[in-house]
Amino acid sequence: MTSQLSKFSTCSEILINSKVDKVWTLLSKTSHLELVHPFCKSHKKLVWDNKSKIDQLTYINGLTYERNFYNFEKNKGFKLMIGKKKGKKSRVEWSLKPINDKTHLSIKVTPYISEKYHLIIYNFLLIFYVLPLLKKYLNCVTKGIKFYLEEGLSVKQNQFGKHRWFSS
């Protein structure tokens with residue numbers, strides 16, 4: 001299913017006290033979201049080879065999304081489409097930039113356009129409801145990655161607060 005993407009997006013950025021190659025090693029590790037993601041119940045690779053990279057993220061509340069990667073650059077980041085297996089997909093762009101012995105991590109999400117509402121109403125809902133909640137979610141994910149790399153401890157479920165879309 002092809003999704004038309006919104007012209008609006010949101011982003012979370014964080015500076016991590018860790019070299020870019022260490023951050024990359026974590027982010028490219030099997031099931032890494034189980035270590036760093038505060039709303040992750042399980043994370044597994046479905047297909048992972050030179051032609052295709054697809055994994056599955058199941059949230060605490062049971063919601064399951066597939067992530068289909070279409071760009072994967074070592075120590076730089078990756079781009080993917082995320083959503084329900086047969087549903088519409090949103091674009092996610094992970095970017096890593098080395099800054100001396102630290103790493104600037106950013107995660108940008110561009111949501112799909114829902115056809116449930118007229119575009120004007122949808123854009124209003126997107127700006128005042130969806131994007132703020134999405135930013136809160138992304139901030140929790142980036143904090144989780146920073147916490148894991150700097151403290152050496154796995155992130156607990158809802159460690160940075162509950163989220164209405166993904167917590168139980």
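Checking 25, 103, 10 one by one, the residue that is at pLDDT 95 or above, more than 13 Å from the chain's Cα centre (by Cα) and buried (at least 19 other Cβ atoms within 10 Å of the Cβ) is 103 and no other. Of everything in segment 114-161 that is at pLDDT below 95 and hydroxyl-bearing (Ser, Thr, Tyr), the residue that is nearest to residue 5 (Cα to Cα) is 114.
Somewhere in segment 14-22, is a residue surrounded by 13 or more Cβ atoms within 10 Å (Cβ to Cβ), of a type outside the set (Gly, Ala, Ser), closer than 20 Å to residue 102 by Cβ and within 15 Å of the chain's Cα centre (by Cα)? Scanning segment 14-22, I find at least one residue that is surrounded by 13 or more Cβ atoms within 10 Å (Cβ to Cβ), of a type outside the set (Gly, Ala, Ser), closer than 20 Å to residue 102 by Cβ and within 15 Å of the chain's Cα centre (by Cα), so the answer is yes. Where the second residue is surrounded by 14 or more Cβ atoms within 10 Å (Cβ to Cβ) and in a loop (DSSP other than H, G, I, E, B) and the first is among the basic types (Lys, Arg) and lies in segment 150-168, which pairs have Cβ atoms under 8 Å and are six or more apart or on separate chains? Listed by first residue and then by second, the contacts come to 156/38.
Scoring residue 97 on the criteria (1) part of a strand (DSSP E or B); (2) in contact with a Phe, Trp or Tyr (Cβ under 9 Å, 6 or more places away or on another chain); (3) surrounded by fewer than 18 Cβ atoms within 10 Å (Cβ to Cβ); (4) in contact (Cβ under 8 Å) with a residue 60 or more places away in the chain leaves a single failure, condition (2). Count of segment 28-43 residues, restricted to those that are surrounded by 14 or more Cβ atoms within 10 Å (Cβ to Cβ), outside any loop (DSSP other than H, G, I, E, B) and not charged (D, E, K, R), is 5. Taken over segment 44-78, the residue count meeting the criterion of being in a loop (DSSP other than H, G, I, E, B) and within 17 Å of residue 156 (Cβ to Cβ) is 2.
The values are calculated or read from the model by the stated rules, or taken from the named source; none is laboratory data. Given the structure is predicted, the values throughout are model-derived calculations rather than measurements. Every residue, glycine among them, receives a Cβ derived from its backbone with ideal geometry; neighbour counts consider all protein chains shown.
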